[in-house]
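Report on the following structure.
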Amino acid sequence: MSEKMPLGVFTSIWTDFAERLQAVRDIGVHTVQAHVPPPQMRTAEEVEKAKNTLSQAGVELSLVFCGFAGDRYDTIQIVRDTVGLCPPATRAERMPDVMQTADYAAALGVPGIGMHIGFLSEDPNSKEFADVAAAARQICDYCADLGMRLHLETGQETAETLLEFIRAVDRASLAVNFDPANMILYGSGEPIEALRKVGRYVRSVHCKDATWSDRPGEAWGVETPLGEGDVGMEDFVRTLLEVGYEGPLTIEREVSGEQQMRDIKKAVDRLTALKAKLLH
Ligand code: MG
């Protein structure tokens, strides 16, 4: 990928994939991230189809996200109880699905898989922290063998905890998918400050915006269209460049229907203007 900071969109639905990719192309975007499709759509035949669809649309898939059937995002507490590999009760049964997602992404020639690993313990000396680090290490080794990386999505932990975790996993195939809005939504710290701390590990980003909750960490903040929240998009893009990141700027907007595409279009315009201003 030679273009600096190509724009991207997070497309989470695999039905009407060709139409979705065309819609993305129509607004001048040619990279996407996507959730892994359900197991029946990960066969060799389906991989071939997806490859053809991507190449016909002229769109590059930059990251495939893991998703688990029991993940729920209703409240911060429910996220804590259900999401990723942190809840011990479901960790072992979820691991094979992660490896299958890596296989699927590798078959498509995608360089990494992304994941919300869940709420890491804030105590790096705890057994809980070590157990999750061991699981991540196993995934990193699996990904490394496929020539890929594991990208951890930010937000549910502070930058300090994430750094401790990266140190504990201790694998070069571990990377960060930095989502500045999540830091605000979960109340886990100022995103720009956090980006400076973990910047050297960032290999993908979500361009998403949000406003702070009046009870950070207890109740959600509110996701907003890009540029209308508290992230400070110009600062975000400038800081990405400062930390040496020039990969895709993948827009994520977690609303549905026509509003989603309208907001994504606006985000494309805002980011295009910021790139014109900041990239030399
Ligand atoms: Mg995100």
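Can you tell me how many residues in the stretch 137-157 are out of contact with any strand residue (DSSP E or B) (no Cβ under 7 Å at 6 or more places or on another chain) and buried (at least 22 other Cβ atoms within 10 Å of the Cβ)?
First, the residues of the stretch 137-157 that are out of contact with any strand residue (DSSP E or B) (no Cβ under 7 Å at 6 or more places or on another chain): 137-138, 141-142, 144-147, 155-157.
Going one step further and asking which of them are buried (at least 22 other Cβ atoms within 10 Å of the Cβ), we end up with 155-157.
The qualifying residues number 3.
Mind checking which helices (runs of 4 or more DSSP H) fall wholly inside the stretch 161-280 and carry at least 2 residues that are closer than 30 Å to D16 by Cα?
Where helices (runs of 4 or more DSSP H) fall fully within the stretch 161-280 and carry at least 2 residues being closer than 30 Å to D16 by Cα, they are 180-185, 257-278.
Out of the stretch 1-22, which residues are out of contact with any strand residue (DSSP E or B) (no Cβ under 9 Å at 6 or more places or on another chain) and assigned to a helix (DSSP H, G or I)?
A18, E19, Q22
Would you say L185 is in contact with a helix residue (DSSP H, G or I) (Cβ under 8 Å, 6 or more places away or on another chain) and buried (at least 16 other Cβ atoms within 10 Å of the Cβ)?
no
Which one of these does S256 not meet: (1) at pLDDT 95 or above; (2) farther than 14 Å from K4 by Cα; (3) within 16 Å of the ligand (Cβ to nearest atom); (4) of a type in the set (G, A, S)?
So S256 meets the others, but not (1).
Might you check whether a residue that is in contact with a Cys (Cβ under 7 Å, 6 or more places away or on another chain), within 16 Å of the ligand (Cβ to nearest atom), without any contact (Cβ under 8 Å) to a residue 60 or more places away in the chain and more than 21 Å from Q260 (Cα to Cα) occurs anywhere in the stretch 192-206?
no
Please work out if G109 is at positive phi, surrounded by 12 or more Cβ atoms within 10 Å (Cβ to Cβ) and either at pLDDT 95 or above or of a type in the set (A, V, I, L, M) (or both).
It is true that G109 is at positive phi, surrounded by 12 or more Cβ atoms within 10 Å (Cβ to Cβ) and either at pLDDT 95 or above or of a type in the set (A, V, I, L, M) (or both).
Would you confirm, using the coordinates I've provided, whether M183 is closer than 20 Å to W212 by Cβ and of a type in the set (A, V, I, L, M, F, W, C)?
Yes; evaluated as a whole, the condition is true for this residue.
Checking the condition among the β-branched types (V, I, T), crowded, with 16+ Cβ neighbours inside 10 Å and under 30 Å from W212 (Cβ atoms), which residue from T90, T82, T75, T101 passes?
Numbers: T90 fails: under 30 Å from W212 (Cβ atoms); T75 fails: crowded, with 16+ Cβ neighbours inside 10 Å; T101 fails: under 30 Å from W212 (Cβ atoms).
Only one candidate passes the filter, namely T82.
What do you reckon, is M183 touching a Pro at 6+ places or on another chain (Cβ under 7 Å) and either away from the ligand (no atom under 16 Å from the Cβ) or under 21 Å from Q156 (Cβ atoms) (or both)? Can you show your working first?
On the way: touching a Pro at 6+ places or on another chain (Cβ under 7 Å): yes; either away from the ligand (no atom under 16 Å from the Cβ) or under 21 Å from Q156 (Cβ atoms) (or both): yes.
So M183 passes the test.
Does at least one position in the stretch 165-178 carry a residue that is within 11 Å of the ligand (Cβ to nearest atom) and under 14 Å from H116 (Cα atoms)?
Checked against the condition, which is being within 11 Å of the ligand (Cβ to nearest atom) and under 14 Å from H116 (Cα atoms), the stretch 165-178 yields at least one hit.
Only one residue in G227, G217 is more than 13 Å from the ligand (Cβ to nearest atom) and at pLDDT below 95. Which one?
G217
The values are calculated or read from the model by the stated rules, or taken from the named source; none is laboratory data. Here the structure is a predicted model, which is why all the values come from computation and not from measurement. We place every Cβ from the backbone using ideal geometry, glycine too, and count neighbours over all the protein chains shown.
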